[in-house]
Amino acid sequence: MTETLLVTGASGHLGRAVVNHLLAEQKVAPANIIATTRNPANLADLAARGVTVRVADFDDPASLEKAFRGADRVLIVSTGELDLKSDRRLKQHQTAVAAAKAVGVSHLLYTSMPDPEPGSPVLFAGDHYGTEQAIKASGIPHTIFRNGWYQENLFMSLPHAIATGKWYTSAGDGRVAHGARDDMAAAIAASLASGSKESRIYTLTGPQAFTTSEIAAMVSDATGKPIEVVQVPDAGLTEGIKASGVPEDFARIIVSFDANTRAGRIAQVTDAVEKLSGRKSRTLKQFLEANTAALLG
Ligand SMILES: NC(=O)c1ccc[n+]([C@@H]2O[C@H](COP(=O)([O-])OP(=O)(O)OC[C@H]3O[C@@H](n4cnc5c(N)ncnc54)[C@H](OP(=O)(O)O)[C@@H]3O)[C@@H](O)[C@H]2O)c1
């Protein structure tokens, strides 16, 4: 039987890359792919290629049920709702799981984060942990991808560090195994298209974990610009980020990443990306060399 595969957040960086990998490498026929968005104009290019585009709003349960109807395997890409003052994102994801259950989806896939269990310093970890619990409680066979931090996230911190020669952090000697977002998308697409039936959790990471000092040295090698890593306490880092114009809650989220790194909760390295996708992961060195001009600004 040919299964129908559905991807939410298909207009976003990750969802779009998953759909592209389904079409290109997994050779899934466009007619067997459903891509969802709140605004179909965002996916006009995919519709033109024969992909079915449906409206799904995570704040509107009826739209999710309508969108999921007829899909066999549904990938829920976590939404970008990062409101620390509400549990809106967890509710959005719970609504999506309930919709999948209501229409009889046979396999549910979800993009979580590494080590989201209670006690995580990451301020939104509870959204992912709560969603994982809702998926398990639904009884739907599932695949959970605990996506490690993307190499692309370094665009948030590196341009400033390169320009000023100082990289302020509270991550200490903690390590991060940054991975290429597109490698993770390729792995997720392969799993989505695989027809796998058993429930699994994969932690998706880059091929090697580095400390902030090691990353700074690699960036200096790639750009020719010296970077001094300055370790500061969480509170001081939060104030510094706020002073640069970042809203308080987002500053707190950024600092919670460093606290998480310091606690050793994002240092894990797995071979899941390569095992699932069948392709070699992009290294951090390759990422830095390919993006030197963009990082220099
Ligand atoms: N591991 C990491 O390092 C890392 C880094 C960044 C983000 N993330 C996570 O990965 C997710 C995807 O990242 P991305 O870069 O692909 O995000 P993105 O480019 O910002 O796209 C977000 C997507 O979510 C959809 N969306 C947002 N709110 C929605 C709602 N209420 N109902 C339906 N769809 C909604 C949007 O669809 P429409 O606007 O078309 O409706 C859009 O396609 C993020 O949301 C975040 O949870 C992880």
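Determine, yes or no, whether Arg49 is open to solvent by 20 Å² or more (accessible area, probe 1.4 Å), more than 12 Å from the ligand (Cβ to nearest atom), out of contact with any Asp or Glu (no Cβ under 9 Å at 6 or more places or on another chain) and over 14 Å from Ala98 (Cα atoms). I'd like the intermediate steps shown before the answer.
Numbers: open to solvent by 20 Å² or more (accessible area, probe 1.4 Å): yes; more than 12 Å from the ligand (Cβ to nearest atom): yes; out of contact with any Asp or Glu (no Cβ under 9 Å at 6 or more places or on another chain): yes; over 14 Å from Ala98 (Cα atoms): yes.
When the stated conditions are applied, Arg49 passes them.
Within the stretch 62-76, can one find any residue that is within 13 Å of the ligand (Cβ to nearest atom) and within 25 Å of Asn260 (Cα to Cα)?
Yes, because at least one residue in the stretch 62-76 is within 13 Å of the ligand (Cβ to nearest atom) and within 25 Å of Asn260 (Cα to Cα).
Determine, yes or no, whether Tyr168 is within 16 Å of the ligand (Cβ to nearest atom), in contact with a helix residue (DSSP H, G or I) (Cβ under 8 Å, 6 or more places away or on another chain) and on the phi < 0 side of the Ramachandran plot.
Details: within 16 Å of the ligand (Cβ to nearest atom): no; in contact with a helix residue (DSSP H, G or I) (Cβ under 8 Å, 6 or more places away or on another chain): yes; on the phi < 0 side of the Ramachandran plot: yes.
So Tyr168 fails the test.
Would you confirm whether any residue within the stretch 132-143 is within 30 Å of Ala294 (Cα to Cα) and open to solvent by 10 Å² or more (accessible area, probe 1.4 Å)?
In the first step, residues of the stretch 132-143 are kept if they are within 30 Å of Ala294 (Cα to Cα); the result is none.
Checked against the condition, which is being within 30 Å of Ala294 (Cα to Cα) and open to solvent by 10 Å² or more (accessible area, probe 1.4 Å), the stretch 132-143 yields no hits at all.
Please determine whether any residue of the stretch 11-23 is open to solvent by 50 Å² or more (accessible area, probe 1.4 Å), within 14 Å of the ligand (Cβ to nearest atom), in contact with a strand residue (DSSP E or B) (Cβ under 6 Å, 6 or more places away or on another chain) and in contact (Cβ under 8 Å) with a residue 24 or more places away in the chain. Break it down into steps so the answer makes sense when it comes.
From the stretch 11-23, those open to solvent by 50 Å² or more (accessible area, probe 1.4 Å) are 11, 13, 16, 20; that's our starting set.
Restricting the remaining residues to those that are within 14 Å of the ligand (Cβ to nearest atom) gives 11, 13, 16, 20.
Narrowing further to those that are in contact with a strand residue (DSSP E or B) (Cβ under 6 Å, 6 or more places away or on another chain): 11.
Next, only the ones that are in contact (Cβ under 8 Å) with a residue 24 or more places away in the chain stay: 11.
Checked the stretch 11-23: at least one residue is open to solvent by 50 Å² or more (accessible area, probe 1.4 Å), within 14 Å of the ligand (Cβ to nearest atom), in contact with a strand residue (DSSP E or B) (Cβ under 6 Å, 6 or more places away or on another chain) and in contact (Cβ under 8 Å) with a residue 24 or more places away in the chain.
Identify the single condition in (1) open to solvent by less than 20 Å² (accessible area, probe 1.4 Å); (2) of a type in the set (Ser, Thr, Tyr); (3) in contact with a Ser or Thr (Cβ under 9 Å, 6 or more places away or on another chain); (4) without any contact (Cβ under 8 Å) to a residue 60 or more places away in the chain that Ser157 does not satisfy, given that it satisfies every other one.
So the condition that Ser157 fails would be (1).
Looking at Thr111, is it closer than 21 Å to His178 by Cα, of a type in the set (S, T, N, Q) and assigned to a strand (DSSP E or B)?
Working: closer than 21 Å to His178 by Cα: yes; of a type in the set (S, T, N, Q): yes; assigned to a strand (DSSP E or B): yes.
In short, yes.
Take Glu117 and tell me if it is open to solvent by 20 Å² or more (accessible area, probe 1.4 Å) and either without any contact (Cβ under 8 Å) to a residue 60 or more places away in the chain or part of a helix (DSSP H, G or I) (or both). Spell out the reasoning first.
Details: open to solvent by 20 Å² or more (accessible area, probe 1.4 Å): yes; either without any contact (Cβ under 8 Å) to a residue 60 or more places away in the chain or part of a helix (DSSP H, G or I) (or both): yes.
For Glu117, the condition - open to solvent by 20 Å² or more (accessible area, probe 1.4 Å) and either without any contact (Cβ under 8 Å) to a residue 60 or more places away in the chain or part of a helix (DSSP H, G or I) (or both) - is met.
Could we say that Gln94 is open to solvent by 30 Å² or more (accessible area, probe 1.4 Å), at pLDDT 95 or above and either within 14 Å of the ligand (Cβ to nearest atom) or acidic (Asp, Glu) (or both) here? Lay out the reasoning, then the answer.
Details: open to solvent by 30 Å² or more (accessible area, probe 1.4 Å): yes; at pLDDT 95 or above: yes; either within 14 Å of the ligand (Cβ to nearest atom) or acidic (Asp, Glu) (or both): yes.
Considered against the rule, which asks whether it is open to solvent by 30 Å² or more (accessible area, probe 1.4 Å), at pLDDT 95 or above and either within 14 Å of the ligand (Cβ to nearest atom) or acidic (Asp, Glu) (or both), Gln94 comes out as yes.
Do you know which of the residues in the stretch 30-45 that are within 11 Å of the ligand (Cβ to nearest atom) and out of contact with any helix residue (DSSP H, G or I) (no Cβ under 6 Å at 6 or more places or on another chain) is nearest to Leu192 (Cα to Cα)?
Leu43
Out of the helices (runs of 4 or more DSSP H) lying entirely within the stretch 214-297, which hold 2 or more residues that are out of contact with any strand residue (DSSP E or B) (no Cβ under 7 Å at 6 or more places or on another chain) and of a type in the set (Phe, Trp, Tyr)?
248-262
The values are calculated or read from the model by the stated rules, or taken from the named source; none is laboratory data. Predicted model only: the values in this text are computed from it and were never measured. When we count neighbours, we look across all protein chains shown, and the Cβ atoms used for this are built from the backbone with ideal geometry, even at glycine. These accessible areas exclude ligands, DNA and RNA; they are computed on the full protein's heavy atoms, side chains included. Shrake-Rupley method; radii C 1.70, N 1.55, O 1.52, S 1.80 Å.
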